[in-house]
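The values are calculated or read from the model by the stated rules, or taken from the named source; none is laboratory data. Note that this is a predicted model, so its numbers are computed, not measured. For neighbour counting, all protein chains shown are included, and Cβ atoms are generated from backbone atoms with ideal geometry for every residue, glycine included. With ligands, DNA and RNA removed, areas are computed over all heavy atoms of the protein, side chains included. Shrake-Rupley method; radii C 1.70, N 1.55, O 1.52, S 1.80 Å.
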Amino acid sequence: MKVKDMVKNINFHDSNVIELLYENNMVKLKIDLCMWQQKDYKEGDSELKEVLLVFDAVENYVWDSLKTEKEIDYDTILDMSYNDRILKIILLDNEISIITFKCDKVKFI
């Protein structure tokens, strides 16, 4: 899936990042996705769904936070945007953390 399509079609606001792993130019994000925030949500459907986002061929990965990626523990996604092939994810726990990297495609598992 193209990252621009994912960001356009899926509402990540208020979803929680369970785990973040960056290695070998790959970013893996395990997320509790808020299904109730999605366009096609119907009353009675599951409100949360655990999903895995896998970004390959990542360039210019930057983690901007006072804590480390390993300290992520259900950090809330405030915003996810995609411009000029750069994905920017803003997280909130006790403080703001910002992840940015360049990529084109994502596997949504």
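Stretched out straight at 0.36 nm per residue, the stretch from R85 to D73 would grow longer than its current Cα-Cα span by 1.6 nm. Annotation note: chymotrypsin sites (Phe, Trp or Tyr not before Pro) in region 73-109 located in DSSP loop regions with a Cβ neighbour count of at most 13 within 10 Å are Y74. At a probe radius of 1.4 angstrom, the accessible area of region 4-53 per residue rounds to 64 square angstrom. The length gained by stretching the chain between N60 and Q37 to full extension, at 0.36 nm per residue less their Cα-Cα distance, is 5.3 nm. The chain gives an Rg/Rh value of 0.95, both radii derived from C-alpha positions and Rh following Kirkwood. Across the chain, C-alpha contacts under 8 Å between residues 6 or more apart give a mean separation that, scaled by the residue count, equals a relative contact order of 31 percent.
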